[in-house]
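No lab work stands behind these numbers, since they all come straight from the coordinates. Everything quoted here is computed from the prediction, not taken from an experiment. Neighbour counts run over all protein chains shown; Cβ positions are idealised from the backbone, glycine included.
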Amino acid sequence: MNSFGAFIVYTIVVIAFFLFMTLFADLIKNRIIRTKEDREKGTPYESGVPFKELSELKIDIKFFKVALIFLLFDVETVYLFPWAYRLEKLGVFALVEGLIFVFILVFAYFYILRERGIEWK
């Protein structure tokens, strides 16, 4: 059997195994575990406080804005660590590219400050 045929057989076996495990887990969840649950166990609770009524929890958008801004700058600054580690080997081109990247970060930060994106009022 050539290598492409082995790849096809392997792919079919992996997909079949995935489908079997998914269906088996669903069967166990619906037949065995769900029958043991009672109505109270499926209701949501917060720190042991009993659930009283269904209501929509309204969270202010400012929390999401701050979280997204934090993620944006946090993830982007993570890219600077490997760049700084290899900067000497990469040369002047990498230095210029890194400075452009930092300039874009600083520009975005000042834009957010100007638009009052992280103020609580």
- Item | Förster-model FRET efficiency, 30 Å R0, residue 87 and residue 118, C-beta, rounded to 0.05 | 0.50
- Message: I want to check the label-to-label distance for residue 63 and residue 108. Put each point 7 Å from Cα in the C-beta direction and report it in nm to one decimal.
- Response: 2.4 nm
- Residue separation times 0.36 nm, minus the C-alpha to C-alpha distance between residue 80 and residue 15: what's the value? 19.5 nm
